[in-house]
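In what follows, a structure is listed as structure tokens, so that the remarks can point back to it.
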Amino acid sequence: MNDIKLAVLGSEGVGKSALIVRFLTRRFIGEYASLSECVYRKHLSIDGRQLNLELFDPCSQVSEGKATLNDQIHWADGFVVVYDISDRSSFITAKAIIHLIRELHLGAAKRDADSQVFLVGNKQDLCHVREVSREEGQRLAAESRCPFYELSAAEHYQEVVLMFSKMVHNASLGGKSK
Ligand code: GDP
Ligand code: MG
């Protein structure tokens, strides 16, 4: 049995909880009052293999602390780094998080388990108030050697599922097995 640990990281309000809840329950609720971080667990079968998925949804207040972010990065095998296309500062934060992941995972412990990172520009439905162009997202992803998705937790259920499924698949190949 493979255990897959994924962390969804990014600034407060970019839609991390919305994306996770959408993936796990199909629903977009609108408000996600979470006062504490939490790990969702789901049993999956991919290509005939049984997987235990653990999805870490950080609480905003906690995830801003650098030490805790480091812990989250050490814990996970795969990362979905999210920004909000209508919020430039969240894009800058996403960039910093990706750099930190690359830096920490170059450490000996995970050198051969190539860390999986996806960059996600969420809230594509807000493109009329866009602050980050699609090209900028694509460029950052290319520089960081990671797949790029622009989507909307609110409106694109299929894309959200596809994105998480690809991440689980990649992490199950590249991540450590137990
Ligand atoms: P988190 O702090 O990253 O977990 O963000 P939340 O999931 O709590 O979402 C923050 C706010 O953004 C909530 O009001 C959500 O309803 C809203 N939101 C999340 N995803 C989308 C989206 O794709 N489009 C729009 N328009 N709003 C979204
Ligand atoms: Mg949240």
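The values are calculated or read from the model by the stated rules, or taken from the named source; none is laboratory data. Keep in mind it's a predicted model, so treat the numbers as computed, not measured. Reconstructed Cβ throughout: ideal geometry from the backbone, glycine too, with neighbour counts over all protein chains shown.
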Single residue of region 1-44 satisfying the filter (basic (Lys, Arg) and within 12 Å of ligand 1 (Cβ to nearest atom)) that is surrounded by the fewest Cβ atoms within 10 Å (Cβ to Cβ): Arg27
Qualifying residue in region 34-48 (condition: in contact with a strand residue (DSSP E or B) (Cβ under 9 Å, 6 or more places away or on another chain), on the phi > 0 side of the Ramachandran plot and within 16 Å of ligand 2 (Cβ to nearest atom)): no
Residue satisfying all of: in region 160-176; in contact with a helix residue (DSSP H, G or I) (Cβ under 9 Å, 6 or more places away or on another chain) and within 16 Å of ligand 1 (Cβ to nearest atom); nearest to Leu126 (Cα to Cα) among these: Val160
Test: residue in region 60-79 that is assigned to a strand (DSSP E or B) and modelled with pLDDT of 90 or more: yes
Qualifying positions in region 6-31 - over 16 Å from Val82 (Cα atoms) and of a type outside the set (D, E, K, R): Leu24, Thr25, Phe28, Ile29, Gly30
Matching residues, region 140-163, being part of a helix (DSSP H, G or I) and within 16 Å of ligand 2 (Cβ to nearest atom): Val160
Only listed residue being at pLDDT 95 or above, within 20 Å of Ser165 (Cα to Cα), hydrophobic (A, V, I, L, M, F, W, C) and assigned to a helix (DSSP H, G or I), chosen from Leu24, Leu19: Leu19
Cross-chain or 6+ apart pairs with Cβ under 9 Å, region 22-37 first and closer than 15 Å to Val8 by Cβ, then modelled with pLDDT of 90 or more and of a type in the set (S, T, N, Q): Phe23/Ser165; Tyr32/Ser17; Ser34/Ser17
